[in-house]
Structures are given as structure tokens and as C-alpha cells.
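Engineer: Just dropping this structure here.
Read-outs: derived from the displayed coordinates by stated rules, not from any lab. All values derive from a computational prediction rather than experimental measurement. Ideal geometry is used to build each Cβ from the backbone, glycine not excepted, and the neighbour counts take in all protein chains shown.
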Amino acid sequence: MFFIGRVDDHELVAYAMRMFEHPNVTITLVRFLSLEMTINGHDANERRMDNDMINEFKVSKVGSEKALYKEEMVVDSVCTCSAISSMENSFDIILVGRSHEENSSIVSRLNDWMDYPKLGFLGDILASEYFTGKVSTLVIQQHS
């Protein structure tokens with residue numbers, strides 16, 4: 001699963017942790033971070049909630065043979081797309097959250113190129129003709 005942050009990604013992690021209970025499921029959580037986020041990007045409450053969700057995943061799942069956590073430092077949306085493309089054949093299914101902070105350098109400027117806005121930034125990248133991987137995608141959105 002690809003994690004940037006916010007409530008849809010929190011729902012994504014919760015869903016993946018339920019999937020993890022199946023004996024044939026292995027999970028890799030890839031968290032995209034930017035220097036902007038680590039310095040001043042997110043508001044403190046959102047950042048704390050993101051970290052709490054990641055820590056819950058790491059404490060409960062990572063360490064087993066079935067779960068892996070990795071961080072990808074990206075500078076901008078071009079780097080995000082490159083990182084995603086470099087992993088295009090690494091997974092059978094990729095889970096992504098639908099909504100993300102539009103001003104984040106991780107996804108900024110992707111609005112101009114989106115063909116499928118209902119899928120969100122990452123879902124749109126994975127559904128685009130430029131993503132050549134043969135992987136299923138599940139886009140998660142939390143409803144209130």
C-alpha cells in the first residue's frame with residue numbers, strides 16, 4: 001500500500017491490517033515523505049495522527065515475515081511518479097487512499113494531468129496509460 005497521509009490513508013492501513021489476517025497475504029507499506037512534510041508541511045495534529053497509524057502498523061505487523069515497512073523520500077510529484085513506476089511489478093495489488101493534501105509537494109501539479117479524478121492522485125497514476133505495471137488497484141475512501 002502507498003501511504004501519504006490523511007484520513008483515507010488511515011482507513012487504508014486499517015483495511016490492510018484486516019487483510020493481513022489471511023495466511024496468504026503479505027503487506028508492504030510504502031510511506032512517501034518529502035522534506036517539506038518533515039519540516040513544516042502538515043499541521044501538527046494531522047502529522048501526529050499519521051505517525052500514530054504508521055506506528056500501530058509497525059508495532060503490530062512489521063517484524064513478521066508477512067509485513068514490511070519502507071519510506072520513500074520524494075522531492076516533488078515527478079519523483080513520486082518515478083518511485084511508483086519503479087515498483088510497478090513488485091505487487092499483486094496496490095492499495096491507495098483517495099484524498100490527499102493538494103498542496104503537498106508529493107502530489108502537487110498532478111491535478112493538471114488527472115484523467116480519473118474520482119480515483120484521487122495515486123489511483124489516477126496507477127490507472128494511467130503511463131503506468132505499465134500489471135497490478136490491481138484498490139482505492140479506499142473513508143466515509144463519515
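Engineer: Give me, ordered by chain and number, the residues 5 or more places off I94 or on other chains with an amide H under 5 Å from its own placed amide H.
Structural biologist: So I94 has HN proximity to S136, T137, L138.
Engineer: While we're here: Take peptides 86-93, 11-18 and line them up by average Cβ neighbours within 10 Å, highest first, as a rough protection proxy.
Structural biologist: 11-18, 86-93
Engineer: What residues qualify as long-range amide H neighbours of L33, i.e. H under 5 Å apart, gap of 5 or more or another chain, H built at 1.01 Å from N?
Structural biologist: E72, M73, V74
Engineer: Treating only the Cβ atoms of Lys and Arg (+1) and Asp and Glu (-1) as charged, compute the dipole magnitude of the chain about its Cα centre; round to the nearest 20 debye.
Structural biologist: Here the size comes out at about 380 debye.
Engineer: Explain nothing, just compute: Karplus ³J(HN,Hα) = 6.51 cos²θ - 1.76 cosθ + 1.60, θ = phi - 60°, for every residue of the range 133-139 in order, whole Hz, x for Gly and Pro.
Structural biologist: x, 9, 9, 7, 10, 10, 9
Engineer: Kindly work out what percent of the DSSP beta bridges joining two residues of the chain are antiparallel, to the nearest 5.
Structural biologist: Antiparallel: roughly 0 percent of the beta bridges in the chain.
Engineer: Would you mind pulling out the separation of the Cα centroids of the range 76-94 and the range 1-15, in Å?
Structural biologist: 16
Engineer: Could you derive backbone 3J(HN,Hα) for the range 22-27 from the dihedral phi with the Karplus parameters 6.51, -1.76 and 1.60 (θ = phi - 60°), listing whole Hz in sequence and x where the residue is Gly or Pro?
Structural biologist: Values per residue, Gly and Pro as x: 6, x, 9, 9, 10, 10 Hz.
Engineer: Have a look at I125, N111, S60 and report the one farthest towards the positive end of the charge dipole of the chain, computed about the Cα centre with Cβ charges (Lys/Arg +1, Asp/Glu -1).
Structural biologist: Selected residue: S60.
Engineer: Now for a separate question. Could you give the length gained on full extension between V59 and L35, defined as 0.36 nm per residue of separation minus the Cα-Cα distance, in nm?
Structural biologist: 6.2 nm
Engineer: For the range 51-144, compute the number of Lys pairs whose alpha carbons are separated by less than 21 Å, excluding pairs fewer than 8 positions apart on the same chain.
Structural biologist: Final tally of qualifying lysine pairs is 4.
Engineer: Among V74, V62, V25, which one shows the highest mean-square fluctuation when the chain is modelled as a Gaussian network with alpha-carbon springs under 10 Å?
Structural biologist: Result: V25 has the largest fluctuation of those listed.
Engineer: Shifting gears a bit: Among the complete DSSP H segments of the chain, which ones combine at least 15 Å of alpha-carbon extent along their axis with a mean Kyte-Doolittle hydropathy of -1.0 or more?
Structural biologist: 7-19
Engineer: Once fully extended, how much extra length lies between L138 and E46, figured as 0.36 nm per residue of separation less the alpha-carbon to alpha-carbon distance? Walk me through the numbers on the way to the answer.
Structural biologist: Values: separation 92, 0.36 × 92 = 33.12 nm, distance 2.33 nm.
Residue separation times 0.36 nm, minus the Cα-Cα distance, leaves 30.8 nm.
Engineer: Here is a follow-up. Once fully extended, how much extra length lies between A127 and M73, figured as 0.36 nm per residue of separation less the alpha-carbon to alpha-carbon distance?
Structural biologist: Here the answer is 17.2 nm.
Engineer: Something else now. Less than 15 Å Cβ to Cβ from Y116, Lys/Arg counted +1 and Asp/Glu -1: what total charge do the surrounding residues give? Mind showing how you got there, number by number?
Structural biologist: Details: positive: R98, K118; negative: D112, D115, D124, E129.
My count for the surroundings of Y116 gives -2.
Engineer: When the chain is modelled as a GNM with alpha-carbon springs shorter than 10 Å, which of V75, V30, V59 fluctuates the most?
Structural biologist: V59
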